[in-house]
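The values are calculated or read from the model by the stated rules, or taken from the named source; none is laboratory data. As the structure is a computational prediction, the values presented were derived from the model and not from experiment. Please note: Cβ atoms are built from the backbone with ideal geometry, for glycine as well, and neighbour counts cover all protein chains shown.
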Amino acid sequence: MIRILRYILLDLLRSRFTLFYTLLLFLSTVGLFQIDGDANKVILSLLNIMLIVVPLVSIVFSTIHFHNSYEFIALMLSQPVARSRVFLAEFFAVALSLGLAFVVGIGLPMFIFGAIGSSPILLFTGFILTIVFVALAFLASVLTRDKARAIGIALLFWFYFSLLYDALVLWILYQFSDYPMDQATLVLVSLNPIDLARILMMLQLDVSALMGYTGAFFRHFFGSQLGMLFSLGGLIVWAIWPIVLANRIFNRKDL
């Protein structure tokens, strides 16, 4: 598995897309520092990129890569190699390449501009969020052999978690506003990795005005430290279960 992982990872790190993605993040971060030298304000601006652009890029690129790699996967499976090893090598290679692109593209300008002390939680959260959406992309990819349909499923995942889910949560809270919704809110927020990432960042920055209802609830219910641990634990669970399910489906699927 390690040899396959290393081969795929090196190939991805040299790809034009990975280099372009890293450069885009780098230039965006440098541009924000040129506009405003306040590290906290820059991180808040980068938060929008992390919550919208990073999941979109991760899920679309991973889906396309998986379907473009079918011949390579079939070749590897013709050798005495377990299916799980090939599948997980593909997953970890894509997740690491996109995660490293994010860390370098965002982290290097922060180091250059002397804001590295404010960035570790942003870099870590973005890295975990990248893994989550790569896992969801691999799940979408094993659900159908058709590339266009898989991309459609992947985009539905992104649209649901990025745009639609918050509207559904607000509608539910409005409809049941006469009832105590504390426990329900905790469950609802846990079902969206993007919400967990946003709350994790907001609790770190302590920007109460931008937390929204769910962030204010987390701060009131848990406090900053426990709320951050809960959010981080939720993100880790989101990074694990889609790829475990996708791996199980892949092992039973005819290529």
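Given the options 11, 38, name the one that is at pLDDT below 80 and of a type in the set (Asp, Glu).
When all the criteria are applied, what remains is 38.
How many residues are hydrophobic (A, V, I, L, M, F, W, C) and either in contact with a Ser or Thr (Cβ under 7 Å, 6 or more places away or on another chain) or outside any helix (DSSP H, G or I) (or both) when one looks only at region 132-152?
Matching residues across region 132-152 total 7.
Return yes or no: is residue 121 farther than 19 Å from residue 20 by Cα, aliphatic (A, V, I, L, M), over 18 Å from the mean Cα position of the chain (by Cα) and at pLDDT below 90?
The answer is no for residue 121.
Among the residues of region 10-25, how many are hydroxyl-bearing (Ser, Thr, Tyr) and farther than 13 Å from residue 65 by Cβ?
Total satisfying the criteria: 1.
Could you check region 76-102 and list, in sequence order, the residues that are under 23 Å from residue 254 (Cβ atoms), of a type outside the set (A, V, I, L, M) and assigned to a helix (DSSP H, G or I)?
If the condition is that a residue be under 23 Å from residue 254 (Cβ atoms), of a type outside the set (A, V, I, L, M) and assigned to a helix (DSSP H, G or I), then 83, 84, 85, 87, 90, 91 are the ones that fit.
Of all residues in region 1-26, which are surrounded by fewer than 14 Cβ atoms within 10 Å (Cβ to Cβ) and hydrophobic (A, V, I, L, M, F, W, C)?
Scanning region 1-26 gives 2, 10, 19, 20, 23.
Could you tell me which numbered condition residue 29 fails, if it satisfies all but one of (1) under 17 Å from the mean Cα position of the chain (by Cα); (2) surrounded by 19 or more Cβ atoms within 10 Å (Cβ to Cβ)?
So residue 29 meets the others, but not (1).
Please verify whether residue 73 is modelled with pLDDT under 90 and either of a type in the set (S, T, N, Q) or closer than 23 Å to residue 139 by Cα (or both), treating the condition exactly as stated.
Judged against the criteria, residue 73 is a match.
Only residues that are surrounded by fewer than 19 Cβ atoms within 10 Å (Cβ to Cβ), more than 19 Å from residue 198 (Cβ to Cβ) and not small (Gly, Ala, Ser): list them for region 104-126, please.
Those that are surrounded by fewer than 19 Cβ atoms within 10 Å (Cβ to Cβ), more than 19 Å from residue 198 (Cβ to Cβ) and not small (Gly, Ala, Ser): 104, 108, 111, 112, 113, 116.
Which one of 78, 162 is surrounded by fewer than 22 Cβ atoms within 10 Å (Cβ to Cβ) and either modelled with pLDDT under 85 or touching a Gly at 6+ places or on another chain (Cβ under 8 Å) (or both)?
Step by step, each of 78, 162 is checked, and only 78 is surrounded by fewer than 22 Cβ atoms within 10 Å (Cβ to Cβ) and either modelled with pLDDT under 85 or touching a Gly at 6+ places or on another chain (Cβ under 8 Å) (or both).
Can you name the residue in region 103-115 that is of a type in the set (A, V, I, L, M) and either assigned to a helix (DSSP H, G or I) or at pLDDT 85 or above (or both) and, of all such residues, is nearest to residue 135 (Cα to Cα)?
Step by step, filter region 103-115, then rank; the result is 103.
Yes or no: region 81-95 includes at least one residue that is among the polar types (S, T, N, Q), crowded, with 19+ Cβ neighbours inside 10 Å and more than 13 Å from the chain's Cα centre (by Cα).
no
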